[in-house]
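Structure, as structure tokens:
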Amino acid sequence: MWETIAAVVIAIVIAWIMFSLVKTFGKFIINGIMGLLAMLIINALGIGVPVNLLSIIVVALGGLPGLAIVIILHFLRIIF
């Protein structure tokens, strides 16, 4: 009897943890996609942010704050 109750409680805890991870991962993906789309829009407007592998990785992982970092570093002529 106690084993069944423990198994149900453990299953509920595991399901809750998995739901939390999927929810967080979904936000991470949406933020990265928004950053990449904003990067394309900024390039279409003619600001001239470089599109290379490093800048795409920074923007995909950082989202909009990552794009801000790429733009700032580009205009300061530090890396991009």
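Values quoted throughout were computed directly from the atomic coordinates according to the rules given, and no laboratory measurement underlies them. Computed from a predicted structure; not experimentally measured. Every residue, glycine as well, gets a Cβ built from its backbone with ideal geometry; the counts of neighbours run over all protein chains shown.
Looking at the structure I just gave you, is Leu54 in a helix (DSSP H, G or I), more than 14 Å from the chain's Cα centre (by Cα) and not β-branched (Val, Ile, Thr)? Taking the combined requirement at face value, the residue satisfies it.
Residues in the stretch 61-80 that are in a helix (DSSP H, G or I) and either buried (at least 18 other Cβ atoms within 10 Å of the Cβ) or in contact with a Gly (Cβ under 7 Å, 6 or more places away or on another chain) (or both): 9 in all. Among the residues of the stretch 27-39, none qualifies, meaning not one is exposed (fewer than 10 other Cβ atoms within 10 Å of the Cβ) and in a helix (DSSP H, G or I).
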